[in-house]
1. Quickly run through region 152-186 and pick out the residues that are among the aromatic types (Phe, Trp, Tyr), in contact (Cβ under 8 Å) with a residue 60 or more places away in the chain and part of a loop (DSSP other than H, G, I, E, B).
2. Suppose we filter region 130-158 for residues that are among the aliphatic types (A, V, I, L, M), touching a strand residue (DSSP E or B) at 6+ places or on another chain (Cβ under 7 Å) and over 9 Å from residue 120 (Cα atoms); how many remain?
3. Restricted to region 135-151, and to residues that are in contact with a Leu (Cβ under 6 Å, 6 or more places away or on another chain) and assigned to a helix (DSSP H, G or I), which residue is surrounded by the fewest Cβ atoms within 10 Å (Cβ to Cβ)?
4. Does region 107-118 include one or more residues that are without any contact (Cβ under 8 Å) to a residue 24 or more places away in the chain and either assigned to a helix (DSSP H, G or I) or not polar (S, T, N, Q) (or both)?
Amino acid sequence: MPKRSIRSRFLAERKSRPHALCLAASHEIQQRLLNSSLFRDARCLALYSAIHNEVLTDAVAERAIEAGKALAYPRTGEDHLEFVRVRAQADLSEGRFGVLEPRGGELVPAEKLDLVVVPGVVFDLSGHRLGYGRGFYDRALSECRADCAKVGFAYDFQLVETLPAEQHDKRLTALVTESRILNFTA
């Protein structure tokens, strides 16, 4: 099945999910990450701002700020993401594509990140993902250090056995769902 068809099917399914179910599952997913060494060992992390029933990241942001970790969110350029330091969630405002983005100017180079939490539409058991199809995250992840944890957040229904992948598609280190953490580094 072509990427476009897969993407459309899973976007429609995610958008149709009851908001209360997404909130409960988001809480479970964030708690799994917060209780893991992936979060505990990260000194500098990047999160995304959730849209269209994506898994939320607010609890991770709050805990990162409380713990004194450096926190960044992406801001979209023409064809790339730049990560910008955020000291409070109030530092975010609506940007391109209607997504909350940082207003500040303190850039965090991708090679400084220890953990990047990545959104997606659908994920597979090998660590591949389909996003919205513009390649922003694939390009950004290619700039990260090899030891940077690239972690997807997904609901269980967003996990399939295999996805079509191309050479430029970047694999994740791990995927966190409401029922488990899948590690792709072994």
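1. 155 - this is the single residue of region 152-186 that is among the aromatic types (Phe, Trp, Tyr), in contact (Cβ under 8 Å) with a residue 60 or more places away in the chain and part of a loop (DSSP other than H, G, I, E, B).
2. 4
3. Among them, the one singled out is 136.
4. no
One line per residue, one yes/no per condition, for (1) closer than 20 Å to residue 137 by Cα; (2) surrounded by fewer than 15 Cβ atoms within 10 Å (Cβ to Cβ):
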{"residue": "49", "(1), (2)": "yes, no"}
{"residue": "61", "(1), (2)": "yes, no"}
{"residue": "68", "(1), (2)": "no, yes"}
{"residue": "77", "(1), (2)": "yes, yes"}
{"residue": "84", "(1), (2)": "yes, no"}
{"residue": "91", "(1), (2)": "no, no"}
{"residue": "94", "(1), (2)": "yes, yes"}
{"residue": "101", "(1), (2)": "yes, no"}
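Quick note: the coordinates plus some simple rules give every number you see, no bench work behind them. These figures come from a predicted structure and were not determined experimentally. Neighbour counts are summed over all protein chains in view; Cβ atoms, including those assigned to glycine, are modelled from backbone coordinates with ideal geometry.
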